[in-house]
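**Student:** Following this message is one structure expressed as structure tokens.
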Amino acid sequence: MFKKFFSKQARKPSGLFGRFVTARIFEKGNAGLNRGMLDLVAASGEDRILEIGFGTGGAIHAMAGALDGGRVEGIDFSGNMLHIAEKKNRKHIETGKVKLVHGDFDKASYPAESFDTVCTANTIYFWPDRMLTAARIFEVLKPGGRLVIAYVEKAKMDNMPLDMEVFTPISHVELKTLLEQAGFNSVRIYPEPDQDIAEYCAVAEK
Ligand SMILES: C[S@@+](CC[C@H](N)C(=O)[O-])C[C@H]1O[C@@H](n2cnc3c(N)ncnc32)[C@H](O)[C@@H]1O
């Protein structure tokens, strides 16, 4: 019962629980994976970056701080998360360096070839049609642009107390195959896959 409730909250935080409890769990529990994603995104200069499922908006804030002339956009379908992330990024939103949108990436319309980097942490387990989402990301990236996906690998996630009707864990091989089929080149996994490690980032180029 709680497993299903918590899994649904992880997918789309809502209500007071989402605002006060899930948000804290994201900030603490996902910090390491987000740091890994930020290292690989390596935001700088005039980069145009999109984060899908920004949660409480910490990564958006870090990326915006590293830019000079660039811009970070974010989309999240949880109203709760939008509220928290807007507060955290208020100054950057006011200057136009950050733009946050409330919506579902699968249904959003971004102009083709508009981002240097698309990144996302802990969302791929919830993509209802992975090929559709991967293809949409491919479309909005500029030629030579990069996708960074931060995730917990299937072997570890299978042993976590999560509702697998809500979460669909993904293996390294499934993710690599998905991205290659969506048209990406040179898909690499960081760090080198190892039985003891749970958290990874896949980096793929358009
Ligand atoms: C598990 S949380 C991860 C949040 C943050 N990236 C982190 O690592 O702490 C998943 C987030 O993605 C959002 N999300 C999931 N699927 C989405 C979609 N299709 N479009 C927009 N946001 C989505 C949820 O609302 C939630 O805030």
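**Student:** Exactly one condition in (1) closer than 20 Å to Ala204 by Cα; (2) away from the ligand (no atom under 13 Å from the Cβ); (3) exposed (fewer than 15 other Cβ atoms within 10 Å of the Cβ) is false for Met164; which is it?
**Tutor:** (1)
**Student:** Please find, among Ala204, Ala182, the residue that is in contact with a strand residue (DSSP E or B) (Cβ under 7 Å, 6 or more places away or on another chain), surrounded by 20 or more Cβ atoms within 10 Å (Cβ to Cβ) and not β-branched (Val, Ile, Thr).
**Tutor:** Ala204
**Student:** So which of Leu33, Leu50 is within 26 Å of Pro111 (Cβ to Cβ) and either touching a residue at least 40 places away in the same chain (Cβ under 8 Å) or of a type in the set (A, V, I, L, M) (or both)?
**Tutor:** Unique residue meeting the criteria: Leu50.
**Student:** Inside the range 84-126, can you point out the residues that are assigned to a loop (DSSP other than H, G, I, E, B) and without any contact (Cβ under 8 Å) to a residue 24 or more places away in the chain?
**Tutor:** Ser109
**Student:** Could you list, in sequence order, the residues of the range 88-134 that are crowded, with 18+ Cβ neighbours inside 10 Å, closer than 13 Å to Ile60 by Cβ, within 10 Å of the ligand (Cβ to nearest atom) and among the aliphatic types (A, V, I, L, M)?
**Tutor:** Selection gives Ala121 alone.
**Student:** Specify which of the listed residues (Met81, Met63) is in contact with a helix residue (DSSP H, G or I) (Cβ under 9 Å, 6 or more places away or on another chain), closer than 24 Å to Leu16 by Cα, touching a residue at least 24 places away in the same chain (Cβ under 8 Å) and within 13 Å of the ligand (Cβ to nearest atom).
**Tutor:** Exactly one residue qualifies, and that residue is Met81.
**Student:** Go through the range 7-60 and count every residue that is within 11 Å of the ligand (Cβ to nearest atom), at pLDDT 95 or above, more than 24 Å from Val187 (Cβ to Cβ) and outside any helix (DSSP H, G or I).
**Tutor:** Residues flagged as within 11 Å of the ligand (Cβ to nearest atom), at pLDDT 95 or above, more than 24 Å from Val187 (Cβ to Cβ) and outside any helix (DSSP H, G or I) within the range 7-60 amount to 3.
**Student:** Out of all the residues in the range 58-81, which are under 13 Å from the mean Cα position of the chain (by Cα) and charged (D, E, K, R)?
**Tutor:** Glu73, Asp76
**Student:** Find the residue count for the range 165-200, including only residues that are modelled with pLDDT of 95 or more, part of a loop (DSSP other than H, G, I, E, B) and under 27 Å from Lys8 (Cα atoms).
**Tutor:** 3
**Student:** Return the residues of the range 5-57 that are within 13 Å of the chain's Cα centre (by Cα) and at positive phi; say none if nothing qualifies.
**Tutor:** Answer for the range 5-57, where residues must be within 13 Å of the chain's Cα centre (by Cα) and at positive phi: Gly53, Gly55, Gly57.
**Student:** Are any residues in the range 66-78 in a strand (DSSP E or B) and more than 7 Å from the ligand (Cβ to nearest atom), and if so, which ones?
**Tutor:** Leu67, Arg71, Val72, Glu73, Gly74 - these are the residues of the range 66-78 that are in a strand (DSSP E or B) and more than 7 Å from the ligand (Cβ to nearest atom).
**Student:** Assess whether Val203 counts as being part of a strand (DSSP E or B) and within 21 Å of Ser78 (Cβ to Cβ).
**Tutor:** no
The values are calculated or read from the model by the stated rules, or taken from the named source; none is laboratory data. Since the structure is predicted, the reported quantities are computational estimates derived from the model, not experimental observations. All Cβ positions, even for glycine, are placed from backbone atoms using ideal geometry, and neighbour counts span all protein chains on display.
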